[in-house]
1. In whole angstrom, note down how far apart the Cα centers of region B:95-161 and region A:1-60 are.
2. What is the spin-label model distance, in nm, from B:Asp128 to B:Phe185 if the labels are put 7 Å beyond Cα along the C-beta direction?
3. Any chance you could check the Cα centroid distance between region B:60-75 and region B:250-296 for me, in angstrom?
4. How much FRET efficiency would the formula 1/(1 + (r/R0)^6) give for A:Ala116 and B:Tyr219, where r is the Cβ-Cβ distance and R0 is 56 Å, rounded to 0.05?
5. What is the local net charge at A:Ala28, summed over the other residues whose Cβ is closer than 10 Å to its Cβ (Lys, Arg +1; Asp, Glu -1)?
6. Given a Förster distance of 22 Å, report the FRET efficiency between B:Glu121 and A:Ala79 from their Cβ-Cβ distance, rounded to the nearest 0.05.
7. Once you've got the Cα coordinates, tell me which of A:Lys85/B:Lys286; A:Lys81/B:Lys108; A:Lys85/B:Lys82; A:Lys81/A:Lys113; A:Lys16/B:Lys96; A:Lys85/B:Lys203 are over 28 Å apart.
8. Between B:Met177 and B:Val138, how many nm apart are label points set 7 Å from Cα along the C-beta direction?
Amino acid sequence: MYAVYIREAHPTDGWKMESNERVGVSIAQPTTQDGRNLVASQCCQALKLTMPLLVDTIDDQVNRAYSGFPDRLYLIDRAGKVAYKGGRGPFGYKPRELEQTLLLMLIDEELSKASADEPADALK
Amino acid sequence: MFHTHRIPACGLLLAAMLVPSVLAAQDATSPPGDNPSAPTVAPANDISTPAAITPPTLAAVVDQLSVANRKKFGDMLANDWKKRPEWADMLIVLLKGEGMGPGAGWFKSSEKRYDWKWIHERFDANSDGGISPEELGVKEKESNSFFARLDRDNDGVLREADFDYFGRQPSTPALMMSQYLAGLFDADSNGRITPEELGAFLKRADADKTGFITSEDMYREFTRMFADRDGGGGDMPRPNRMLSMFFKGEFGVLESGPALGESAPDFTLPTHDGGNSVTLSRSQGKPVILIFGSFT
């Protein structure tokens, strides 16, 4: 599981949100890679994140490849294919839905394993 | 540029206005603040288009239109540009001044390989529209078991509603209420509704300061909140500003990303503390979850 830290959704020099200001989050859009790394670190600390926080390039390469902005969830299967593509945030951001899809994927793997075992059983 | 032969008569004036603007836009430099790598719509998206229709091109056109003509332009795009990319769906919503929300423009539902249909086909042995723990092959549900995490409404049976995050016709009253009300109360769209937000709502709705609210109070306050949201109240920008933000990519990234079933684009990124880089393809063989977001 990786968090990909992308461009700010509500920078002070863009679509500023009062709700951010009220809790002391007041951030302009970083213009350098170091700037973005710094903001990502602040975010990590403030939210006490434990998973790796990967920082997108300052020209937003991975964000654009995945249409990640403002936020979005993906599940990629073992073969590297997209098994779940969340709707665009904020409306489409549904962690519970991702969790369910992952569980069903694991159930699918169990089913495939079970049917792969059957021929061996039949031969017995 | 468009299917000019199919523009209805009422759109001819608009088209006449457009042609010189489009030609000028193609010669002009990109509008300031524009994303220099804004996507070029491949001709395959609209087979009768000789030139590519790009966001910067349309930005220049839209800039010159009055509000009334913007609505007409939105209608024109909706009617004449059938095979359009996702960003065009969003542009049309913004031009027509339609409300924001799930289902509008590019705010589509998720795409997933495993859904209710999938599990229903495989596990609903007696076809009663519900999957019990026995049908799934697990013991009585324990907390944090597979079953419990799938059973969203916690009623002991897996049903279609447990997998419905987006239905325009939510399948149960409880699902409908939770989706609609959460959307309404979540003023900053951060997915969290605090006691303060609810308290503020009660206070606003209690216009005659009786200490309680009635359904009439709610009706009046909900009406005001909807109008406020669509007209640019609070943090929601006015329609004009929404359009310029849209073209700058501040509203959402204009690209669409990989579709369900496609290969996830590979990448290598460093961690925030400058530690070891991670390359996605090295994780092949394990399922990977990607979470895109930012602090603000």
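1. Region B:95-161 and region A:1-60 have Cα centres separated by 33 Å.
2. Modelled inter-label distance: 3.4 nm.
3. 36 Å
4. E between A:Ala116 and B:Tyr219, to the nearest 0.05, is 0.45.
5. -1
6. 0.50
7. Long pairs (Cα-Cα over 28 Å): A:Lys85/B:Lys203.
8. 2.7 nm
Every number here is computed from the coordinates shown, using simple stated rules; none is lab data. The structure presented is a predicted model; accordingly, all values stated were derived computationally and were not measured. All Cβ positions, even for glycine, are placed from backbone atoms using ideal geometry, and neighbour counts span all protein chains on display.
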